[in-house]
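Comments concern the structure below.
The values are calculated or read from the model by the stated rules, or taken from the named source; none is laboratory data. All figures in this text were calculated on a predicted structure; none of them were measured in a lab. Reconstructed Cβ throughout: ideal geometry from the backbone, glycine too, with neighbour counts over all protein chains shown. Note: accessible area is taken over every heavy atom of the protein model, side chains too, but ligands, DNA and RNA are not part of it. Shrake-Rupley method; radii C 1.70, N 1.55, O 1.52, S 1.80 Å.
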Amino acid sequence: MARILITSAIPYINGIKHLGNLVGSQLPADLFARFNRALGHEVMFLCATDEHGTPAELAAAKAGKPVEAYCAEMHAVQAELARGFRLSFDHFGRSSSQRNHRLTQHFAGRLADAGLIEEVAEKQVFSIDDNRFLPDRYITGTCPNCGYTAARGDQCENCTKQLDPTDLINPRSSVSGSTNLEVRQTKHLYLRQRALKHKLEAWIDSKTDWPILTTSIAKKWLNDGDGLQDRGITRDLYWGIPVRKGDQPWPGMEGKVFYVWFDAPIEYIACTAEWADAHGLPDAAWERWWRTDKGAADVTYYQFMGKDNVPFHTLSFPATILGSGEPWKLVDYLKSFNYLNYDGGQFSTSQGRGIFMDQALEVLPADYWRWWLLSHAPESSDSEFTWENFQASVNKDLADVLGNLVSRVTKFALAKFGDSLPEGGSAGPREAQLETDLAARLRAYEGFMAAMEVRKAAAELRAIWVLGNEYLQAAAPWTVVKTDPEAAGAMVRLAMNLIRVFAITSAPFIPDASTAMMAAVKSDDWSWPHDLPAALRALPAGHGFAVPDNLFRKITDEERADWQVRFSGIRS
RNA sequence: GGGCCUGUAGCUCAAUUGGUCAGAGCAGGGCGCUCAUAACGCCUUGGUUGGGGGUUCGAGUCCCUCCGGGCCUACCA
């Protein structure tokens, strides 16, 4: 039994995430977690909300709430949606937790002790009317290069020229519109990533089995221009983790907080501590997942994220870990995803374009979305959601291939043999062939799942379902029953066992349907069919069963047309 | 500007280090079946793999170039 640590990139707190966010990290991570649990491995699957930073403060202000209350509310909302999508986190934490405060401060102290922190004096734009420093991109003005009037302080979106906020003509606060700005002197801590460049590079170079997407982004940042740059890890904000050197004050840094990207990945670790606290467990319980000197040497650590998160997970966070000089676990495999687009354009949180997690669940249950999203996961390139494709995939794969199979088997069995499995009959060459074919596909499925080849795994799973229909069609128990009821009975027994095996193997993708299938065959034995011949005999003659409601309903053309309109515009 | 990724049948996607790799699913066409959610099964029509050039006995697979799409470029996260 292996020990597997899985983290999903932690979603930002300022609003409900869209399906593109979901499929890029949390959903595939959940698939992998469920699969490994099903195999009997010891799994720790973690996620959290990423709560600090300017956008959270501004969103709270817009909502007219204190940022602490706003984040608490939004955390609850996101946790509820995670449950709705059946995301099986062992713990869904918060980067604002006291555990993360202490751990983040601890890492900063260790890095300082190691000589990897540098104080840098710099100038930053302060908005007097907003009473706050503004990040470069929160300053708007006219681009000196192209004259675009809505250029941001970090870069002009129109001509793509990189800018300094002081370059802007007629600069104003993006928050209030105020032009009452001034440049103020401030001081920040920088993590000396350059000092760790060679160590990071050697580590990345050793990861030859990572997705190209992952390593190419990491190498770009390592080697582009002047190479890896030092990074500021503090900000002049209210909402964040106060800058401290371990448990000591940090002279000169009063009133400042750590940069959200410094504390967010540390929350992976802190989240595990939160988990232990929630279960009344001692520190040793979470340390055995993270400290190689305290039991984590046999842990394999997998991270899941969208490509925009890759630099922070391949460079910044490892720099924190390596720089601490302490034996914390580094990621062993980093699975990254491209973006999911929506009907010809991008999902857009700001414009409300596309489907958001709450809306999706209002329209259809989680399994429908899980299946489509995972079977179309943007692994090799950006992929696209269209309602036509969604309707076709869901209706064909779920309703016709799988749902109808369960329906035809249970209804036929009930009509001809009553509500328990018939006796008699024996397996012949056709059944032996099915066992062989199914075993081969099952092995392929397991291989794709273990390799996190999400789309290929989905295709293989679908092919497994098809085997059930092919067998039934060839065996034709509805014909055989007229002349040889016992032979037909044996076919029904096998078909019912197939349903159970399909339920178990499909559960990582469609957990609710799997639960319904197991209820239909009245089984609670979820053990993985390592021994397929035995698994196909698990339900014996005389075992009860029930005809379930249809597992999946079909999406009508009218619904599809309605949803196309409903989700095309601005989110109300 | 620079870098990276990507462009394979109408659609969504596969094709170990270049060598039956030109495939699957859906859609389309034909046949069969009737247990089932007008479901299922079988057979089948589609591509000179974005254009052009090159390397090679042999290239979606390597090189050059052009065209199209996307991402990143470090103070949003």
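Within the accessible surface of chain A, defined with a 1.4 Å probe on protein heavy atoms only, the carbon and sulfur portion equals 49 percent.
Converting the Cα gyration tensor eigenvalues of region A:389-535 into ellipsoid dimensions via √(5λ) gives semi-axes, longest first, of 26, 17, 15 Å. Converting phi to 3J(HN,Hα) with the Karplus coefficients 6.51, -1.76 and 1.60 and the offset θ = phi - 60°, region A:419-429 yields 9, 9, 5, x, 9, x, x, 8, 7, x, x Hz in sequence order, with x at every glycine or proline. In the context of the full set of protein chains, residues of region A:389-535 present 39 Å² of accessible surface per residue (probe radius 1.4 Å, heavy atoms only).
The convex hull defined by the C-alpha atoms of region A:225-278 has an orientation-averaged projected area of 5.5 nm².
Take the Cα of A:THR386, step 7 Å toward its Cβ, do the same at A:GLU435, and the gap between the two points is 4.5 nm. Label zone of A:VAL183 (point 7 Å out along Cα→Cβ, amide N under 13 Å): in region A:122-141 this covers A:122-126.
Compared with the direct C-alpha span, the chain from A:ASP205 to A:ASP332 gains 44.5 nm at full extension, assuming 0.36 nm per residue. Charges on Cβ only, +1 for Lys and Arg, -1 for Asp and Glu, centred on the Cα centroid of region A:389-535; of A:ALA463, A:ASN497, A:GLY447, which one is farthest towards the dipole's positive end? About the Cα centre, the residue reaching furthest to the positive side is A:ALA463. Amide H contacts under 5 Å for A:VAL43: A:ILE4, restricted to partners 5 or more places along the chain or on a different chain, H placed in the peptide plane at 1.01 Å from N.
Report for chain A the percent antiparallel among DSSP-assigned beta bridges with both residues inside it, nearest 5. If you can, show how the numbers build up before the last one.
Numbers: 32 of 56 bridges.
Antiparallel bridges make up about 55 percent of those DSSP assigns within chain A.
Highest-first packing order for the peptide set A:209-217, A:83-91 is A:83-91, A:209-217, based on the mean count of other beta carbon atoms within 10 Å.
Per residue, the accessible area of region A:117-191 comes to 54 Å² when a 1.4 Å probe rolls over the protein heavy atoms. Based on the alpha-carbon gyration tensor of region A:117-191 and its eigenvalue square roots a ≥ b ≥ c, which shape applies: rounded if a/c is under 1.5, prolate if not and a/b is larger than b/c, or oblate? In terms of gyration-tensor shape, oblate.
Rg ratio for chain A: its Cα radius of gyration over 2.2 N^0.38 Å, N being its residue count, equals 1.11.
Cross-link partners for A:LYS416 among the lysines, with Cα-Cα distance under 21 Å and sequence neighbours closer than 8 places in the same chain left out: A:LYS482, A:LYS522.
For A:LYS554, the lysines whose Cα falls under 22 Å of its own Cα, not counting residues fewer than eight places away in the same chain, are A:LYS396, A:LYS411.
A cut-off of 5 Å between modelled amide H atoms, ignoring neighbours fewer than 5 places along the same chain, links A:TYR12 with A:ASP50. Measuring against 21 Å, Cα to Cα, the residue pairs A:LYS17/A:LYS307; A:LYS220/A:LYS245; A:LYS207/A:LYS307 contain A:LYS220/A:LYS245 as the ones spanning a longer distance.
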